[in-house]
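Take a look at the structure below.
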Amino acid sequence: MSLTPDIGIRPRVRESASMTKEAVVSRVTGTAVADAVRLLGFDSVFSDVMNRMTGPLLPDEAVFRINGEEWRFRISTRFEYESLSKYRTDPDRLVLQHFVRSLRDDDVVWDVGAHVGVFSVLAAGQVPAGTVIAIEPLPENAEQLRENLKRNGRDATVRQLALDDESRRAELGVNSPSGAGAFGTLNGLSSRRRTTVQTDCGDSLVTDGVPAPTVLKVDVQGAELNVLRGLQRSLLGCRIVCVNVYEKHFTRGDEGEGIRDILESSGLHVERLAEWDGGHFLWGTRES
């Protein structure tokens, strides 16, 4: 299937020429004022105020153009705007492109740290005979994820919880005072507010009847190692694993090695797919 995403805001931009199965987000249009405000770099004291100030300046939605189809994502806060805008540039564009290109019709995709659903929505459109499990602990994000699935007429199972290496109630640190589009972490760092969430092991979900993943994407702001520890049985059945490794959030020096060791011990061939200023993306594949 040919895949050519662009991302734009009304008025709609002209579709680019068809390309091979790619996911390329080239621009968000109509947002010059919002870009200027964002680049001022206000700190956490002003985050809530900035959300309200920039709200009227932001576009209503981002539109991914995928080979003649449009995939719409609601924008209600500057955090959502920023998270969608990042797909214009590498490494996020490269990772999204690699992810979409690698999906098969019958894959079971787990999107761990699904945020507002970019990977989940796109995956749901590429696995007609498969399943998408979107796992996101923040209620505001989970609600927006469901809205984005609805906007695009796609189905996925949304589980509002955080994956960990045990089942417990835990404190999630969140990087914004309110609203959708924020990021949370279980490692206790970089938080502007805290909220209590339920955690569970991925392997326990499979034991309870959730379909085991064949494709796993993990983006959990520094909690990658514990997520993978809780998925060690399920990893044996994965053919693709993509992990965003947040080196900047590590609390110990050996976490990066531990993440790679778990992937390799499950039989995956692991490579660094892309680097970013706070970490890197690991891409694991199983030889068929």
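The values are calculated or read from the model by the stated rules, or taken from the named source; none is laboratory data. Quick caveat: nothing in here was measured; it's all calculated off a predicted structure. Backbone-built Cβ (ideal geometry, glycine too); neighbour counts: all protein chains shown.
Brief remarks on what is shown
- Members of segment 114-153 that are touching a strand residue (DSSP E or B) at 6+ places or on another chain (Cβ under 8 Å) and assigned to a loop (DSSP other than H, G, I, E, B): ALA114, VAL116, GLY117, GLY125, VAL127, GLY130, GLU136, PRO137, LEU138, ASN152
- Segment 75-102: number of residues that are surrounded by 22 or more Cβ atoms within 10 Å (Cβ to Cβ) and part of a loop (DSSP other than H, G, I, E, B): 2
- Odd one out for ASN148 among (1) closer than 29 Å to CYS238 by Cα; (2) of a type outside the set (Asp, Glu); (3) free of Cβ contacts under 8 Å to residues at least 60 places away in the same chain; (4) crowded, with 19+ Cβ neighbours inside 10 Å: (3)
- Residue count for segment 260-272, restricted to those that are of a type outside the set (S, T, N, Q) and either at pLDDT below 95 or assigned to a loop (DSSP other than H, G, I, E, B) (or both): 2.
- Residue tally, condition in contact with a Phe, Trp or Tyr (Cβ under 9 Å, 6 or more places away or on another chain) and without any contact (Cβ under 8 Å) to a residue 12 or more places away in the chain, over segment 245-275: 2
- Single residue of segment 240-283 satisfying the filter (β-branched (Val, Ile, Thr), buried (at least 20 other Cβ atoms within 10 Å of the Cβ) and over 16 Å from the mean Cα position of the chain (by Cα)) that is nearest to GLN221 (Cα to Cα): ILE259
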